[in-house]
Amino acid sequence: MKRTMAVILAGGEGERLSILSSVRAKPAVPFGGKYRIIDFVLSNCVNSEVDNVIVLTQYAPRSLADHIGLGRPWDLDRTRGGVRLLQPYLARGRVAEWYRGTADAVLQNMNVIEHAPGETVLILAGDHIYKMDYGPFVAAHRRKRADVTVAVRRVPLADATRMGILAMDETGRVTEWQEKPKQPKSDLASMGVYVFSKRALRRWLSEDRPDFGADVIPAMLQGGARVFGYRFDGYWQDVGTIQSYWEANMDLLEDVPELDLYDREWLIHTRSEERAPAKIGPTAQVHRSLVSHGCLIDGTVVNSVLSPGVRVEVGAVVRDSIVMFDSVIRAGAVVDRSILDKEVTVGPSAIVGEGTDLTIPNKLEPNRLHTGITVVGKRAVIPRGVRIGRNVKIGGDVRATDFPRRVIPSGETVERREEPPRRRRGGSTAAGSTSGPAAAEPAPVRRQAVSS
């Protein structure tokens, strides 16, 4: 495995995760309390002894760059190999453009891949949750002298419409491929995890084939390339939607979870801040939950995942929810079947996630928020006593004055309001006015935090 390079695709915008990926790349979204999504594929690499890794970023790359840094938590801060983050760039004689797809991202960085030792390249999605030893995967690829080997697993038919669906013969060779079919012929799906020979990458990547699933793999099958499948039977989840993201977090709370975070033989590494141990107070009740370091719990937490630094005050209840770093649930508040981003404050006696009807979709994002989960953006402040229904979206940085009423019905959205210009005496606006003896100074610009 020392002569295998890993290319992690981490540039997607991840629009289906709604507000969670509006200010950060999807692979940088927190998961499982203390982790980020990309930690799982990075840990798979180092645990499989793959130590030459490049991460292809694009959308909101700062969050990933801050998290990965030099790669020290994954033992990837090395003189040779290690981890490097690459972004779209302007080259002489070439028109600058964003990556047009997964394969185009690899094509634009082939100069880096060509100089890596070895003839085997792992192409890995950066936004999936799974544990996989890539050693047997690469060995099977080499044994069959494949041009490409695709990791595959069975999925529910309801999920098959958003994946690459395939059929294999008795030797494991792929005989048929459907990309995101409306009527899938099988439940055998591509995981978006590939092993390519460099020779095949050189031959089959081109500007008119921007995506692996939609373009490159079908072209290889039509052109007679040796395309094989590799069955994977472990836990795997594409957390590309709010529902799948919530479910994957809740899966960690099972008595015997399929994804074992406590397996010392396959640790999931992450960048972690030093914080005090979690403290469970005398009035606290905690049932079937993950509570990270730095949390202070004096209320009730049931079937929930809490990131570092979360505070749950006396009488507050957090149920079936995901609460991210340094959020505060004030006394008497209730958070039910909701996802709270970082540094959210829920005021005393407020309710987030009220009502029994989970089917009323969000009016602005009906295809993303429709399963009863309410989502609250970073640094939002929910006022005392406000009641918020299901499938509601609360924007980042909202304040008490942004709430139009005390009850926010299911399916509604609350966003940050623009601050109106200040008025001077005489009726003119302070910002941009030139009447009178001197022009007024413009209204101060509100500073936005950049932490992600």
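Measure nothing fancy, just the Cα-based angle from helix 242-251's long axis to the longest principal axis of the chain, in degrees from 0 to 90, nearest 10.
The two axes meet at around 80 degrees.
Please work out the C-alpha center-to-center distance from segment 306-384 to segment 6-53 and express it in whole Å.
24
So if R0 is 56 Å, what FRET efficiency would residue 399 and residue 145 give, r being the distance between their Cβ atoms, rounded to the nearest 0.05? Spell out each step's value before the answer.
Numbers: r = 62 Å, r/R0 = 1.10.
Plugging the Cβ-Cβ distance into 1/(1 + (r/R0)^6) gives 0.35.
Using θ = phi - 60° and the Karplus curve 6.51 cos²θ - 1.76 cosθ + 1.60, what whole-Hz ³J(HN,Hα) does each residue of segment 214-229 get, with Gly and Pro shown as x?
7, 10, 5, 4, x, 5, 5, 5, 5, x, x, 5, 8, 10, 10, x
Could you pull out every one of the aspartates and glutamates with an alpha carbon less than 13 Å from that of residue 279, ignoring same-chain neighbours closer than 8 positions?
Partners found: 298, 313.
If packing is taken as the mean number of other Cβ atoms within 10 Å per residue, what is the order of 359-365, 125-131, 272-278, highest first?
The packing order, highest mean first, is 125-131, 359-365, 272-278.
How large is ³J(HN,Hα), in whole Hz, for each residue of segment 102-119 in order, when computed from phi with the Karplus curve 6.51 cos²θ - 1.76 cosθ + 1.60 and θ = phi - 60°, using x for Gly and Pro?
Going residue by residue, I get 5, 5, 5, 4, 5, 4, 5, 10, 5, 4, 6, 5, 4, 7, 6, x, x, 10 Hz, with x marking Gly and Pro.
Helix 134-143 versus the longest principal axis of the chain: what angle, 0 to 90°, nearest 10, using Cα atoms?
Here the helix axis deviates by roughly 30 degrees.
Nothing charged except the Cβ atoms of Lys and Arg (+1) and of Asp and Glu (-1): what's the magnitude of the dipole of segment 1-149 about its Cα centre? Round to the nearest 20 debye.
Working: 20 positive and 15 negative charges, 36 e Å.
Once rounded to the nearest 20, the dipole reads 180 debye.
Stokes-Einstein diffusion coefficient for segment 4-251 at 10 °C in a medium of 1.306 mPa s, Rh from the Kirkwood formula over Cα pairs: what value in µm²/s?
After rounding, the answer is 87 µm²/s.
How large is ³J(HN,Hα) for each residue in segment 70-81, as worked out from phi by the Karplus curve 6.51 cos²θ - 1.76 cosθ + 1.60 (θ = phi - 60°), to whole Hz, x for Gly and Pro?
Taking θ as phi minus 60°, the curve returns 8, x, 4, x, 9, 6, 10, 8, 10, 5, 10, x Hz for segment 70-81.
Residues with amide H under 5 Å of residue 239's amide H, sequence separation 5 or more or different chain, H placed in the peptide plane at 1.01 Å from N; which?
Here the answer is 129, since their amide H atoms fall under 5 Å of that of residue 239.
What is the set of long-range amide H partners of residue 416 at a cut-off below 5 Å, with H atoms built 1.01 Å from backbone N?
Hits under the 5 Å cutoff: 395.
Along the Cα→Cβ direction, 7 angstrom out, place labels at residue 359 and residue 133. What is the inter-label distance in nm?
Spacing of the two 7 Å Cα→Cβ label points: 4.7 nm.
Quick one: which residues, 5+ away or cross-chain, put their amide H under 5 Å from the amide H of residue 302? H built at 1.01 Å from N.
Under 5 Å from the amide H of residue 302 lie the amide H atoms of 287, 318, 319, 320, each far enough along the sequence or on another chain.
How high is the FRET efficiency between residue 22 and residue 87 when r is their beta carbon distance and R₀ equals 22 Å, given to the nearest 0.05?
According to the calculation, E is roughly 0.70.
Quick one: helix 38-47 against the long Cα principal axis of the chain, what's the angle to the nearest 10°, folded into 0 to 90?
40
Between residue 265 and residue 179, what FRET efficiency follows from the Cβ-Cβ distance if R0 is 45 Å, with the result rounded to 0.05? Don't jump to the answer; show the numbers that get you there.
Details: r = 36 Å, r/R0 = 0.80.
Efficiency computed from Cβ-Cβ geometry: 0.80.
On full extension of the chain, what length is gained from residue 287 through residue 112, given 0.36 nm per residue of separation minus the C-alpha to C-alpha distance?
58.1 nm
Which number gives the lysine pairs in segment 4-251 that have C-alpha atoms under 21 Å apart and are eight or more places apart or on different chains? Walk me through the intermediate numbers first.
Details: 26/34; 26/131; 26/180; 34/131; 144/198.
Counting lysine pairs in segment 4-251 gives 5.
Bear in mind these aren't lab numbers, they're just calculated from the coordinates by the rules spelled out. Remember, predicted model here, so these are calculated numbers, not experimental data. All Cβ positions, glycine included, derive from the backbone under ideal geometry; neighbour counts span all protein chains shown.
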